[in-house]
1. Are there any trypsin sites (Lys or Arg not before Pro) in segment 108-165 that are in a DSSP loop and have at most 16 other Cβ atoms within 10 Å? List them by number.
2. Could you tell me whether the chain comes out rounded, prolate or oblate from its Cα gyration tensor? Rule is a ≥ b ≥ c as square roots of the eigenvalues, rounded for a/c under 1.5, then prolate if a/b exceeds b/c, otherwise oblate.
3. List the residues of segment 149-175 whose backbone N lies under 16 Å from a point placed 7 Å from the Cα of residue 105 along the Cα-to-Cβ direction.
4. Work from the charge dipole of the chain (Cβ charges, +1 for Lys and Arg, -1 for Asp and Glu, about the Cα centre) and give the residue of 350, 2, 67 farthest towards its positive end.
5. Using the beta-carbon distance between residue 58 and residue 234 and R0 = 45 Å, what value does 1/(1 + (r/R0)^6) give for FRET efficiency, to the nearest 0.05?
6. Could you compute the FRET efficiency for residue 268 and residue 331, with r as their C-beta to C-beta distance and R0 at 35 Å, rounded to 0.05?
7. Rank 85, 179, 281 by how far each Cα sits towards the positive end of the charge dipole of the chain (+1 on Lys, Arg Cβ; -1 on Asp, Glu Cβ) and give me just the farthest.
8. What aspartates and glutamates sit close enough to residue 97 to cross-link, taking a C-alpha to C-alpha distance under 18 Å and skipping anything fewer than 8 places away on the same chain?
Amino acid sequence: MTVRAVCVRPPAPGAILGEVPPPPLTPGTVLVNVLECGVCGTDRDIVAGRYGSAPPGSPYLILGHENLGVVREVASGVGGFAPGTLVVATVRRGCGKDRFCRANKSDQCETGEFTERGIGGAHGFMADQYVELPEYLVPVPTALRGVAVLLEPLSVVEKAVFMGQRVIDRRGNTPGDPPTAPPAALVAGTGAVGILAAFLLRVRGYEVTAIDRRGAGTPAAALLARIGATHRSVADGLGTLGAHRFDLVIEATGSTSLDFGLVDLLGRNSVLVLTGIPDASEPPTSVEAGRLLRDVVLENQAVIGSVNANRSYFEAGLRDMTMFEEKWPGALATVITSRRPLAEFLTAITDRISGSMKTVLTVVS
Ligand SMILES: [Zn+2]
């Protein structure tokens, strides 16, 4: 018996739908049938040969890190999971050596010796089945079956917003708090991460502006309007935003030139959180470094990076998904702009459809 799996051989480009041995249910583990896998830019980079590594001793890597599955079988002695339970697996596995990895905070690993399922050193989820330790499986309420494949990207957003909020909170309180005007947030990029950031910031009470380079007719623009966020096209540059300044800026594009421009949109005592991953081989960018850094100092600003997410952010994401559904019933599901069968994985990963927010591969329907 074999199972289907999308296999890559990094750093070689390309991917195939292979037949691989089924993952063995070993003591202490849970066997999961994959239902859906989200596709993102990291998958595209791995298939292009720019990123990724196979597990030690394996000639291939099973791709895929955004996942939703259903428990099929539980090894004896494993509590808390029963066949039929919906689950989302976290992505990063800690090195076990530093204090963060030992405390289930491998997103802050200090050795860099972690692995990431479907990305580096550990097989992913674009397959019929996988096996996992229960500590890395987050049980999902059945009411969220249609949207829970978005939990992994939402966990990244949860962490980014949490970290940004901690930086904002360094301002401290003043008499008369809270202020009457809502804080202003800017989200750069309207892919899934940007849109999920807009959802989260709206339920946190922010006035949200989201920018991209497209016009008003996209599904993302319509969705932003539905959740009470403002969409602005910056195809003609960030100057389009005028004198607007923001308390919290969440970046989700990985565009170096845009990132520096965003620093200029920070208000006093504010923070820019970078989540996009720029191409490190880009040619040098010319910036007014002196003026930029002077303003950061004189206006108490911060620029921070945020990557990955530990289990606590997945759990926060589940609570917030329930809030999104209460506040805007059915809206979250429209972030998934396309569902395609696993057999169409290659076009799903490599075709960049303008205006699409999230493509999901259906493994079992
Ligand atoms: Zn570590």
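The values are calculated or read from the model by the stated rules, or taken from the named source; none is laboratory data. This one's a predicted model, so the numbers in the text were calculated from it and none came from an experiment. Ideal geometry is used to build each Cβ from the backbone, glycine not excepted, and the neighbour counts take in all protein chains shown. These area figures cover heavy atoms from the full protein model, side chains too; ligands, DNA and RNA do not enter into them. Shrake-Rupley method; radii C 1.70, N 1.55, O 1.52, S 1.80 Å.
1. Here the trypsin sites (Lys or Arg not before Pro) that fit, given the DSSP loop and packing criteria, are 145.
2. prolate
3. 159-167
4. 67
5. For residue 58 and residue 234, the calculated efficiency is 0.55.
6. For residue 268 and residue 331, the calculated efficiency is 0.60.
7. Projecting each Cα onto the dipole axis, the largest value belongs to 179.
8. 107, 110, 113, 116, 135
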